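Have a look at the structure below before the remarks.
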Amino acid sequence: MVIYILRGKATFHQIGARACKNESLARRLILRGLKCCFLLLGALHIPSNAADPNYSAIALSDLARAKQVILDAHPAVALKTDQAFNDWFIQGYDEAMKLAMRAANQAQALAAVRYYISGFRDGHVAVWDPNAPSKAMWAGWTAQLRSGEWRVVHAASKWPTSLPEKGAMLIACDGLKPFEYIDTYIAPFVDRRTELGSVLDRLALLLSNRIPRDSIWEAETPRTCTFESNGKTIEHHLDWKNSDEGTSFLNVQQPRIGVESWGENRYWIYAQQFLPARLAEDELENAISAIQIIPEKAEVVVFDARGNNGGSSLFGYQLLAALMRRDTPTIDSGAQAWWRPSRISVDWFDRLARDELVRTGPKSIRYKKILEMKNFLKEAHEKSGPSVLVADSAIEGSQYPPPPDGNSFKGRVVLLTDKHCASACLDFSDLVLAVPGSLHVGESTSSDSDYLDITVVDLPSGLQMAVPQKVWIGRGRKANEPLIPEHIFSGDIYDTPSLRAWMEPLL
């Protein structure tokens with residue numbers, strides 16, 4: 001059952017599955033909603049003060065454009081068989097419109113649009129503000145889920161009010177258990193895939209941090225949270241201040257793509273970044289050259305994908321091909337990628353081709369593949385229009401270039417992942433794990449849907465939106481299915497010395 005309530009004069013909220021299982025909670029929320037229903041007519045009033053931005057009109061305009069972009073470019077529209085997508089396309093838009101009509105500030109205008117977008121439960125459908133301010137708000141503590149319990153992992157050394165100590169267990173916020181609060185007031189505006197560890201980490205930050213890029217409807221909530229520490233239960237009132245300390249301590253400095261020796265006859269390949277714009281000049285090429293000269297007597301090679309959350313699948317293939325040469329695995333033979341040749345996609349690949357030409361020149365492999373794809377989609381668009389999906393097997397040549405000549409690596413290949421591995425990182429993982437005798441260690445990955453390869457579109461207010469352009473059919477890894485390591489590391493995944501010591505007996 002799905003319940004919608006009015007919280008104060010603010011908005012509608014969808015109660016998540018976990019919350020609805022709690023009968024007393026559901027009854028309490030329903031009663032709260034009934035008490036507030038008389039506010040509905042006033043709540044739907046759109047401000048007309050010309051001196052202030054009409055955030056409701058801004059949100060409605062962005063929302064309408066977002067729906068049109070999905071209609072024009074998303075492969076599911078042409079596929080016509082994804083019932084969950086089709087249902088939310090209509091239902092979600094109606095619900096988001098009710099929110100948009102109530103938007104009273106910039107954060108709520110963004111939250112209303114993201115309420116619609118998050119309902120597709122797909123990391124490749126997203127909306128963000130490229131000009132969002134960097135300054136965050138913090139309540140003085142940050143909690144994360146650790147071994148099934150919500151624990152304070154960081155607390156300010158000085159704060160105007162009392163704070164829970166590091167290690168304290170979070171019990172509830174504003175009367176709701178952490179999972180219930182996240183499902184009700186945070187996930188609908190950010191990411192509803194709370195079954196994924198990486199998503200839950202991100203949502204948990206918003207219990208006590210207000211991050212402009214992740215706007216939710218109500219800024220300074222929750223108001224009180226209850227903690228247990230040293231056998232005592234203590235309620236703390238949250239005092240929100242301008243500060244980014246609540247998230248900055250989590251930033252981990254990632255090494256550049258490259259190779260280093262790790263003990264005798266073992267090598268460690270850093271594969272943390274597949275985003276072209278974030279790679280230094282010649283960084284990928286230098287890494288490929290270093291991999292190609294790994295000695296034949298090497299016994300173990302580790303591909304370290306910690307911190308990699310996607311980018312260009314071509315980069316991952318090139319790293320693996322530099323090692324495996326003629327024995328480089330191919331993409332799942334039973335899978336087929338189908339593209340929607342929309343005008344939006346043609347324009348996107350035209351832009352990518354121009355940018356890549358400037359960045360790497362006309363001889364680069366990536367530029368040639370982008371240009372090939374642009375011409376393929378343009379021809380398909382002109383021939384059949386955007387309503388017919390086209391298979392990328394129709395493209396002349398392979399999706400990836402031939403692997404380099406030379407002897408293949410004969411030792412053991414190890415894949416190391418964390419919970420943030422998604423999109424192109426998952427494509428890379430699929431290839432590495434297709435190497436005979438490969439070993440997967442670390443944390444379970446994130447996951448993605450069958451819809452991939454995004455295009456980016458501007459919305460009327462200046463927000464930007466991502467929408468996928470292709471759909472996999474027959475892929476071995478199912479939609480929204482993470483990859484689970486054979487050996488799971490339970491410590492700090494970014495503590496490399498401890499991680500390597502743990503890996504020693506596994507090799």
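The values are calculated or read from the model by the stated rules, or taken from the named source; none is laboratory data. As the structure is a computational prediction, the values presented were derived from the model and not from experiment. Methodologically, a virtual Cβ is constructed for each residue, glycine included, from the backbone with ideal geometry; neighbour enumeration extends over all protein chains shown.
Regarding the stretch 42-64, can at least one residue be identified that is surrounded by 15 or more Cβ atoms within 10 Å (Cβ to Cβ), over 30 Å from Phe249 (Cβ atoms) and in contact with a strand residue (DSSP E or B) (Cβ under 9 Å, 6 or more places away or on another chain)? For the stretch 42-64, residues surrounded by 15 or more Cβ atoms within 10 Å (Cβ to Cβ), over 30 Å from Phe249 (Cβ atoms) and in contact with a strand residue (DSSP E or B) (Cβ under 9 Å, 6 or more places away or on another chain): present. Residue selection: Val432 satisfies the criterion of being under 22 Å from Ala290 (Cβ atoms) and of a type outside the set (Asp, Glu).
Could you list, in sequence order, all residues of the stretch 145-197 that are part of a strand (DSSP E or B) and either among the basic types (Lys, Arg) or not assigned by TED's automatic domain parsing to the domain that holds Asp239 (or both)?
Narrowing the stretch 145-197 to residues part of a strand (DSSP E or B): 145-146, 149-155, 169-173, 176.
Passing the criteria: Arg146, Arg151.
Identification of strands (runs of 3 or more DSSP E) wholly contained in the stretch 399-483 with 3 or more residues that are within 22 Å of the chain's Cα centre (by Cα), in the same structural domain as Leu275 (by TED's automatic domain parsing) and hydrophobic (A, V, I, L, M, F, W, C) yields 451-458, 464-473. Of the residues contained in the stretch 401-413, one or more are found to be surrounded by 14 or more Cβ atoms within 10 Å (Cβ to Cβ), in contact (Cβ under 8 Å) with a residue 40 or more places away in the chain and within 30 Å of Asn251 (Cα to Cα). Give me a count of the residues in the stretch 154-192 that are of a type in the set (Val, Ile, Thr) and surrounded by fewer than 18 Cβ atoms within 10 Å (Cβ to Cβ). Here the count works out to 2.
Residue-by-condition table, conditions (1) under 24 Å from Tyr494 (Cβ atoms); (2) in a strand (DSSP E or B); (3) assigned by TED's automatic domain parsing to the domain that holds Arg202; (4) touching a residue at least 12 places away in the same chain (Cβ under 8 Å):
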{"residue": "Gln253", "(1), (2), (3), (4)": "yes, no, no, no"}
{"residue": "Tyr267", "(1), (2), (3), (4)": "yes, yes, no, yes"}
{"residue": "Ile291", "(1), (2), (3), (4)": "yes, no, no, yes"}
{"residue": "Val302", "(1), (2), (3), (4)": "yes, yes, no, yes"}
{"residue": "Asn308", "(1), (2), (3), (4)": "yes, no, no, yes"}
{"residue": "Gln318", "(1), (2), (3), (4)": "no, no, no, yes"}
{"residue": "Arg325", "(1), (2), (3), (4)": "no, no, no, yes"}
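Go through the stretch 234-288 and report how many residues are more than 30 Å from Thr360 (Cα to Cα) and among the β-branched types (Val, Ile, Thr). Residues flagged as more than 30 Å from Thr360 (Cα to Cα) and among the β-branched types (Val, Ile, Thr) within the stretch 234-288 amount to 2.
Of the residues that sit in the stretch 338-383 and are part of a helix (DSSP H, G or I) and touching a strand residue (DSSP E or B) at 6+ places or on another chain (Cβ under 7 Å), which one is surrounded by the fewest Cβ atoms within 10 Å (Cβ to Cβ)? Looking at residues that are part of a helix (DSSP H, G or I) and touching a strand residue (DSSP E or B) at 6+ places or on another chain (Cβ under 7 Å), I get Ile344. With the requirement that a residue be over 24 Å from Ala132 (Cα atoms), in contact with a Ser or Thr (Cβ under 8 Å, 6 or more places away or on another chain) and not small (Gly, Ala, Ser), what does the stretch 442-480 give you? Matches in the stretch 442-480: Glu443, Thr445, Asp448, Leu452, Gln469, Asn480.
Within the stretch 279-328, the set of residues being of a type in the set (Gly, Ala, Ser), at negative phi and surrounded by 19 or more Cβ atoms within 10 Å (Cβ to Cβ) comprises Ala287, Ala305, Ser312, Ser313, Gly316, Ala321, Ala322.
Residue-by-condition table, conditions (1) closer than 30 Å to Leu163 by Cα; (2) of a type in the set (Asp, Glu); (3) at pLDDT below 95; (4) in contact with a Leu (Cβ under 9 Å, 6 or more places away or on another chain):
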{"site": "Arg210", "(1), (2), (3), (4)": "yes, no, yes, no"}
{"site": "Trp217", "(1), (2), (3), (4)": "yes, no, yes, yes"}
{"site": "Val252", "(1), (2), (3), (4)": "yes, no, yes, no"}
{"site": "Arg256", "(1), (2), (3), (4)": "no, no, yes, yes"}
{"site": "Gly263", "(1), (2), (3), (4)": "no, no, yes, no"}
{"site": "Arg266", "(1), (2), (3), (4)": "no, no, no, yes"}
{"site": "Ala271", "(1), (2), (3), (4)": "no, no, no, yes"}
{"site": "Arg278", "(1), (2), (3), (4)": "no, no, yes, no"}
{"site": "Asp282", "(1), (2), (3), (4)": "no, yes, yes, no"}
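How about the stretch 421-472: which of its residues are small (Gly, Ala, Ser) and farther than 27 Å from Asp492 by Cβ? Within the stretch 421-472, Ala434, Gly437, Ser449, Ser461, Gly462, Ala466 qualify.
Restricting the stretch 94-119 to residues that are of a type in the set (A, V, I, L, M, F, W, C) and without any contact (Cβ under 8 Å) to a residue 40 or more places away in the chain, the residue that is surrounded by the most Cβ atoms within 10 Å (Cβ to Cβ) is Ala96. Confirm whether Glu260 is surrounded by fewer than 20 Cβ atoms within 10 Å (Cβ to Cβ), assigned to a strand (DSSP E or B) and in contact with a Ser or Thr (Cβ under 8 Å, 6 or more places away or on another chain). No: the conditions fail for Glu260.
Residue by residue, here is whether (1) aliphatic (A, V, I, L, M); (2) surrounded by 20 or more Cβ atoms within 10 Å (Cβ to Cβ); (3) modelled with pLDDT under 95 holds:
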| position | (1), (2), (3) |
| --- | --- |
| His420 | no, yes, yes |
| Leu439 | yes, yes, no |
| Tyr494 | no, no, yes |
| Ala501 | yes, no, no |
